[in-house]
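The values are calculated or read from the model by the stated rules, or taken from the named source; none is laboratory data. These numbers were taken from a predicted model, which means no experiment stands behind them. Note: ideal-geometry Cβ built from the backbone for every residue, glycine included; neighbour counts use all protein chains shown. Just so you know, the surface numbers come from the protein's heavy atoms only, side chains and all, with ligands and any DNA or RNA stripped out. Shrake-Rupley method; radii C 1.70, N 1.55, O 1.52, S 1.80 Å.
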Amino acid sequence: MSDHQHIVSSFDHDLETIQAHIMKMGGMVERAISDAARSLETRDDELAEEVRGRDKAIDALEEQINEEAARVLALRSPAARDLRVVLTVIKISASLERIGDYAKNMAKRTSVLSQMAAVNGSPSALRRMAREVEEMLKDVLDAYIQRDMDLAHEVIRRDLDVDQMYNAIFREFLTFMMEDPRNITPCMHLHFIAKNTERMGDLVTSIAEQVIYLVSGSFPDDPRPKSDTTSVDPSLAPKGSH
């Protein structure tokens, strides 16, 4: 094997190693979302604590990916498409780390909510929303491995579904709070969980945009579709607010 062939082979191995770390990290984050939502629905403090404890491993893996990516950039000076792979890996690992943080925050609030009266049906609605985000994450990681732009575009479209679920849950919480002041505190915690889950969907969408950039060399032209109207629609605000 010539020196050039050895360098190319070694570079490919480095990229494969980093991408394997991304898939491992993605799997850990999927599990964090699933377990956090399940702990909320079943009021399982022990499972919530596990989710919080495992977040350190997700953070450590992001650090490892960043270190290895930086080493590749320094030693290999990759060009064009290979450079896009390395830059994409850094961005995706950052998004995964933030999704993991949101799952950890969901688990933190679970411990608080388990001490309060249950709000009818809300944890199961939140779990459905979390499951949709988890499925989007699974699909976007598949799109990344397969370099599948169509699947990445489909994931971006599905973020609208998550936004609509969030809007419906938000309206429901307002109703519960107006019906009974005792619901205000648990509904505020549940709303933070819903908002964090909606933000997880946004981060999965960012990963999908990175996949499109990786394959095509450019980001999607169309503005990202959004249907979270709670911040702009006055009809969604509590009565008496200005």
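For the residues Leu83, Leu96, Leu87, the requirement of being more than 18 Å from Val140 (Cβ to Cβ) and in a helix (DSSP H, G or I) singles out Leu83. Scanning the stretch 14-24 for residues that are under 18 Å from Arg147 (Cα atoms) and of a type outside the set (Lys, Arg) yields Leu15, Glu16, Thr17, Ile18, Gln19, Ala20, His21, Ile22, Met23.
Number of residues in the stretch 169-187 that are open to solvent by 80 Å² or more (accessible area, probe 1.4 Å) and more than 21 Å from Met106 (Cβ to Cβ): the value is 4.
Considering only residues in the stretch 17-64 that are hydroxyl-bearing (Ser, Thr, Tyr) and under 14 Å from Ala103 (Cβ atoms), the one that is most open to solvent (accessible area, probe 1.4 Å) turns out to be Ser34.
Against the criterion of being under 18 Å from the mean Cα position of the chain (by Cα) and open to solvent by 70 Å² or more (accessible area, probe 1.4 Å), Arg71 does not qualify. Among the residues of the stretch 175-191, those that are part of a helix (DSSP H, G or I), out of contact with any Leu (no Cβ under 7 Å at 6 or more places or on another chain) and more than 11 Å from Leu126 (Cβ to Cβ) comprise Thr175, Phe176, Met177, Met178, Glu179, Pro181, Arg182, Asn183, Ile184, Thr185, Cys187, Met188. Would you mind telling me which numbered condition in (1) modelled with pLDDT of 95 or more; (2) among the hydrophobic types (A, V, I, L, M, F, W, C); (3) over 30 Å from Asp82 (Cβ atoms) Val232 fails? Going through (1) modelled with pLDDT of 95 or more; (2) among the hydrophobic types (A, V, I, L, M, F, W, C); (3) over 30 Å from Asp82 (Cβ atoms) one by one, Val232 breaks only (1). Scan the stretch 126-174 for residues that are within 20 Å of Val29 (Cβ to Cβ), touching a helix residue (DSSP H, G or I) at 6+ places or on another chain (Cβ under 6 Å) and not in a helix (DSSP H, G or I) and the total you get is 0. Within the stretch 48-65, residues that are at negative phi and in contact (Cβ under 8 Å) with a residue 60 or more places away in the chain have Cβ atoms under 6 Å from residues that are surrounded by fewer than 20 Cβ atoms within 10 Å (Cβ to Cβ) and part of a helix (DSSP H, G or I) in these pairs: Ala48/Ser111, counting only partners at least 6 apart in sequence or on another chain. Within the stretch 204-219, the set of residues being open to solvent by 10 Å² or more (accessible area, probe 1.4 Å) and under 13 Å from Arg98 (Cα atoms) comprises just one member, Ser206. Selection of the stretch 66-90 for residues being under 12 Å from Gln19 (Cα atoms) and in contact (Cβ under 8 Å) with a residue 40 or more places away in the chain yields Glu68, Ala69, Val85, Val86, Thr88, Val89. Just one residue in the set Arg199, Arg147 is within 15 Å of the chain's Cα centre (by Cα) and modelled with pLDDT of 95 or more; that residue is Arg199. Taking the stretch 89-142 as the range and being surrounded by fewer than 21 Cβ atoms within 10 Å (Cβ to Cβ), of a type in the set (Val, Ile, Thr) and modelled with pLDDT of 95 or more as the test, only Ile90 passes.
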